[in-house]
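What follows is a single structure, written as structure tokens, with notes after it.
Nothing in this text is a laboratory measurement; each read-out follows from the coordinates by a stated rule. Computed from a prediction, not measured in an experiment: that's the story for all the values here. FYI the Cβ positions are ideal-geometry reconstructions off the backbone, even for glycines, and counts take in every protein chain you see.
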Amino acid sequence: MRLLKVPPLLLAVPLLGVARLLPEHGFGLWLRLAAATLVLLAPGRLVARALGRTSAAGALAWSCALVAAALALTFAVRGSLDLTLALVLAAGAVALAFSVRSPWPHVRSSRGRGVVALAGVALGIALWSVEGIVHGDALFHLGRVRKLDDLGALSLRAVDEFKDGGLHPGYAFPLWHGWLALVAKLGGVDPTSVVLHESSILAPLALVLAFEMGRAVFRSGWLAAGTVLVQGSLIAFAPGGGGAYATLELPGTVARQLLVPAVIALFFRFVREPSWPVGVTLGAAGLDLAFVHPTYALFVAIPLVGFALARALIAGADARRSAIGLVAFGAPVLLAFVWLLPIVRETQSHNPGADERARALKQYATDLVAHSASSYHLAAGVVARTGAIAVAALVLVPLAALAARRRWSALVLGGTVVVLALELPAFVFPHFSDVVSLSQSRRAAGFVPFAFALVGGAAVLARVAGPLLLPAALAAGIVLQLEFPGDFGTKLAQGGPAIATWIAFWGGLAGLAAAAVLVRRGRGGLERPGAIAGLAVLLFVLPVAVHGFANWDARFTSDANALTPGLVTFLRTDVPKRAVVYADLETSYRISAYAPVYVANGPPAHVANTRANRPYERKDDLRRFLRTGTLAIPRSYHAGWLVLRRDERAQPGATLVYRDTRFRVYRL
């Protein structure tokens, strides 16, 4: 008789109970967030186990899918987040009955993930100290999380910043905002703490997913470890200050660093061993990604299509499996896109007119090579801008041809060529940008398979150079880090070496032809995916890691436009929920983040440029109000409350109800 085992992740439930007894700061806050996140992952883990999937990729895919389904039902009946939480936990309870009878993974198969997870915990602890304050885009997302947490009678429109605005095309369905709000509710913490520190909790999951992605692509523990090293160094250490890992709580970052690796891992598992549980799980991951960050669902498909084409061209293999895998991933994504299409059509950047295109070209001029208003492309230096690792990966792309019989070779060659074929030709890039917007099309360059190119190149060089590769890798890492430390500013200053990008593109094209010839001659297996390759990757990224820890400090520690604690308390306690508050751009942006109310303005850079939102018209109205003080303007937005700074004035007709050293609040 088989013993029924209780999944260890369920121990997070009593852990959460203990954590709720601790203070909401320091270690107590860390434990609350960790336990709440594990509890939220548990239902998806149980569903994945019931389907015979024991990976972190499957657990994340199903956890997010359950939250999406629960949120959809909550919106349909206009319930509260309590209903969403109850539905997610109920789904986990049902899955528990099936999952306890599923076979457990072998100890060896989970040992590597355990070591990586421990390294991720250490990284997360280090990230805690550099997370600083909530700033930039995080304020926008905090406002949505707060409304989900505080408001009842929820709907898709309930989380918007404007009561009279429209849905944001990138976040029309607030899946990840709902996830963060559920963490706040489970942990009994303010959403501000979740948005500020959830990245520390998600860091171990990010590294584990990178490991699973590398394992699925390379089928080697050493090369999977190398993938973790490259991914972590490229994202967290190269920029300094924790890089994007310090903002893992944001939808764009979590999509890129968690969901994209999960999709790639599941896709390659399906290609290697097709089965309906893997296919369904891949579809769930695709739907999650389409809701969390729609364009990234399209962008990750680009290198996967490149892999399928290259694999068929080079080896005449995996065509049917790849096609089915792409359909399994793409069908839910396509359905989500069909639902989003009317919202996307409302944006000014989709199929833009001449004025909007001119504005976008001016805004992103440093990233582009523009010949005219209709002929432009991404600057090659943008692709290599992230420093030594990106430069080395691009240069090593052609070496993948020497391992042509391996699937990773097709991913590196095909994925790189297809991505760059969309980004570099001036006769393609403008059309691509019209579809996804110029703001997003630039980001597709980040989907070049850098990690696989570098790790795979190390495996090829290990076969050629043997142990001599180790000192050479360390020397190369030092030289490239000194020469190309990376350009991580919001505006491109110097970028990376354009020659590296062109080597990857033209060398990749030549590599595809060479790989096909090698396979037909019975060759194309020149690699050694073992300890030498893994250690070479470690030595190469070591200088990047040293640089990262030498610059391990918070980038934002103060906010010149911060609200006073007294104002925040007043807005939360004296102003009714869902009320409309009128204030200047930066004050409105923060009011929407820290109180469950609506505003009438916001910085255009943080507002979806749709016909309903009209961010620039709202800005013009605000300027007119600040110049004249006429109360007819805030009243035209149905505002019941007016917040002014000390140097701002309004005409008589409003009642002063709050005052502090910086702000005054009037009741209209």
With Cα coordinates, the longest principal axis of the chain makes an angle with the long axis of helix 354-363, in degrees rounded to 10, of 70
Mind checking the angle between helix 615-628 and the chain's longest principal axis? C-alpha axes, 0 to 90 degrees, to the nearest 10. 30
Could you tell me how many degrees, from 0 to 90 and to the nearest 10, lie between the Cα long axis of helix 81-99 and the main elongation axis, the longest principal axis, of the Cα atoms of the chain? 30
A chain fully extended from Ala122 to Arg662 at 0.36 nm per residue, minus the present Cα-Cα distance, gains in nm 190.3 nm
May I ask you to derive the FRET efficiency for Ala632 and Ala323 from their Cβ-Cβ distance with R0 = 56 Å, giving the value to the nearest 0.05? 0.40
Treat every Asp and Glu Cβ in the range 193-350 as -1 and every Lys and Arg Cβ as +1, leave all other atoms uncharged, and give the resulting dipole magnitude about the Cα centre to the nearest 20 debye. 500
Sort 390-400, 432-442, 360-370 for me by packing, meaning the mean count of neighbouring Cβ atoms within 10 Å per residue, highest on top. 390-400, 432-442, 360-370
Among Val305, Ala122, Gln257, the residue whose Cα sits farthest towards the positive end of the charge dipole of the chain (+1 at Cβ of Lys and Arg, -1 at Cβ of Asp and Glu, taken about the Cα centre) is Val305
Percent of Cα-Cα distances greater than 47 Å, calculated over the chain: 16
Can you give me the pair-distance distribution of the range 121-161, C-alpha pairs, 10 Å bins, whole percents? 25, 34, 26, 14, 0
Sort Tyr245, Tyr658 so the one with the fewest other Cβ atoms within 10 Å of its own Cβ comes first. Tyr658, Tyr245
Per residue, how big is the convex hull around the C-alpha atoms of the range 604-668? Give it to me in cubic angstrom, could you? 98
In debye to the nearest 20, the charge dipole size for the range 9-550, taken about the Cα centre with +1 at each Lys and Arg Cβ and -1 at each Asp and Glu Cβ, equals 1840
Run the numbers on the chain and let me know its relative contact order in percent, using alpha-carbon pairs under 8 Å that are six or more apart. 15
In the neighborhood of Pro604, defined by Cβ-to-Cβ distances under 15 Å, what is the net charge if each Lys or Arg adds +1 and each Asp or Glu adds -1? -2
For Ile133 and Leu334, calculate 0.36 nm times their separation in residues minus their Cα-Cα distance, and state this gained length in nm to one decimal. 68.7 nm
Value of relative contact order over the range 565-667, rounded to a whole percent, pairs C-alpha under 8 Å and six or more apart: 25
What dipole magnitude, in Debye to the nearest 20, does the range 478-579 give about its Cα centre under +1 on Lys/Arg Cβ and -1 on Asp/Glu Cβ? 520
Under the Karplus curve 6.51 cos²θ - 1.76 cosθ + 1.60, θ = phi - 60°, whole-Hz ³J(HN,Hα) for the range 514-519, x wherever Gly or Pro sits: 5, 5, 4, 5, 4, 5
Along the positive direction of the dipole of the chain (beta-carbon charges: Lys, Arg +1; Asp, Glu -1; about the Cα centre), which of Ala500, Leu46, Tyr296 reaches farthest? Leu46
If contacts are Cα pairs under 8 angstrom and at least 6 residues apart, what is the relative contact order of the range 17-157 in percent? 26
Take Lys491 and Ala513, extend 7 Å from each Cα along the Cα→Cβ direction, and tell me the distance between the two endpoints in nm. 4.2
In Hz, Karplus ³J(HN,Hα) per residue of the range 127-144 (6.51, -1.76, 1.60; θ = phi - 60°; x = Gly, Pro): 5, 3, 7, 10, 7, x, 10, 6, 8, x, 4, 4, 5, 4, 6, 4, x, 6
Assuming 0.36 nm per residue, please report the length gained on full extension of the stretch Val435 to Asp190 beyond their Cα-Cα distance. 84.4 nm
Residues with amide H under 5 Å from that of Tyr376, placed H, sequence gap 5 or more: His371
Express as a percent, rounded to the nearest 5, the fraction of DSSP beta bridges in the chain (both residues included) that run antiparallel. 75
Over what distance in Å are the Cα centres of the range 24-52 and the range 457-515 separated? 38
Too long at a 19 Å Cα-Cα cut-off: which of Lys163/Lys577; Lys491/Lys619; Lys147/Lys619; Lys163/Lys619? Lys491/Lys619; Lys147/Lys619
For the range 233-249, in order, what is each residue's ³J(HN,Hα) by Karplus, 6.51 cos²θ - 1.76 cosθ + 1.60 with θ = phi - 60°, in whole Hz (x at glycine and Pro)? 5, 5, 8, 9, 9, 4, x, x, x, x, x, 5, 5, 6, 10, 5, 6
Dipole check, the chain, charges on Cβ (K,R +1; D,E -1), about Cα centroid: among Ala554, Tyr598, Gly387 the Cα furthest to the positive pole belongs to Gly387
Expressed as a percent, the portion of alpha-carbon pairs in the range 160-313 spaced more than 29 Å apart is 22
Which order do the peptides 452-461, 336-345 come out in when sorted by mean C-beta neighbours inside 10 angstrom, highest first? 452-461, 336-345
